Ligand SMILES: [Zn+2]
């Protein structure tokens, strides 16, 4: 499969169950933001590598918070490449069978609790549940899910998949999970 074959005009987020929610984004939650949305605010150390999903409006327009019962499905067929600890839970790297020249599409879910059976090497179909959101014990930072989508070198050494690699523009080409894949220019 290549990216032209993907459902046209759908973003990575819309291809998961997360697309069914009416998310509330405040400054600092969006891709590339330089601001912190938690605590006293201030600047992030690096532009935001993805989006943060924390609050949404339900059918009655009531504002709800993501909690530890919140499930995450993946956008399309993919393999679990690596699971590492982050400061709120686990970060899961999913490599998809979508390539652009020497690059492979990854979706990365941060601050999660993988469900049973989610281990390195496990292949999942699109729409399968990969994890639930990890509850934040940090009073300054509400429970939330972080979603990154990125092009990373195919055949990347899985042991090197971590937040440092995500933030290394020599290796990783970050993209906005809210933007459709097929409209993306690629150099
Ligand atoms: Zn984030």
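The values are calculated or read from the model by the stated rules, or taken from the named source; none is laboratory data. Everything numeric in this text was worked out from a predicted model, so none of it was measured. So basically every Cβ, Gly included, is an ideal-geometry build from the backbone, and we count neighbours across all protein chains shown.
Taking into account only those residues within the stretch 23-50 that are surrounded by 12 or more Cβ atoms within 10 Å (Cβ to Cβ) and away from the ligand (no atom under 12 Å from the Cβ), which is nearest to residue 75 (Cα to Cα)? Only one residue fits best here, namely 23.
Residues that are assigned to a loop (DSSP other than H, G, I, E, B), over 25 Å from residue 160 (Cβ atoms), more than 16 Å from the ligand (Cβ to nearest atom) and at pLDDT 95 or above do occur in the stretch 68-90.
Evaluate the following for residue 153: is it over 13 Å from the mean Cα position of the chain (by Cα), surrounded by fewer than 20 Cβ atoms within 10 Å (Cβ to Cβ) and touching a residue at least 60 places away in the same chain (Cβ under 8 Å)? No: the conditions fail for residue 153. Selection of the stretch 34-67 for residues being closer than 20 Å to residue 151 by Cβ and at pLDDT 95 or above yields 47, 48, 49, 50, 51. In this structure, is residue 15 assigned to a loop (DSSP other than H, G, I, E, B), touching a helix residue (DSSP H, G or I) at 6+ places or on another chain (Cβ under 9 Å) and either touching a residue at least 24 places away in the same chain (Cβ under 8 Å) or surrounded by 17 or more Cβ atoms within 10 Å (Cβ to Cβ) (or both)? Taking the combined requirement at face value, the residue satisfies it.
Filtered by the rule that a residue be without any contact (Cβ under 8 Å) to a residue 40 or more places away in the chain, more than 16 Å from the ligand (Cβ to nearest atom) and surrounded by 16 or more Cβ atoms within 10 Å (Cβ to Cβ), the stretch 99-117 gives a lone residue, 114. Against the list (1) more than 24 Å from residue 28 (Cα to Cα); (2) outside any loop (DSSP other than H, G, I, E, B); (3) touching a residue at least 24 places away in the same chain (Cβ under 8 Å), the condition residue 96 fails is (3). Among all residues of the stretch 51-59, there is at least one that is within 16 Å of the ligand (Cβ to nearest atom), assigned to a loop (DSSP other than H, G, I, E, B) and more than 30 Å from residue 155 (Cβ to Cβ).
When the residues of the stretch 129-150 are filtered to those that are modelled with pLDDT under 95 and more than 16 Å from the ligand (Cβ to nearest atom), the one that is farthest from the chain's Cα centre (by Cα) is 139. The residues of the stretch 99-128 that are in contact with a helix residue (DSSP H, G or I) (Cβ under 8 Å, 6 or more places away or on another chain), under 15 Å from residue 71 (Cα atoms) and assigned to a strand (DSSP E or B) amount to a single one, 108. Answer with yes or no whether residue 107 is at pLDDT 95 or above and closer than 21 Å to residue 77 by Cα. Answer is yes for this residue. Condition check for residue 111 on (1) on the phi < 0 side of the Ramachandran plot; (2) touching a strand residue (DSSP E or B) at 6+ places or on another chain (Cβ under 6 Å): one failure, at (1).
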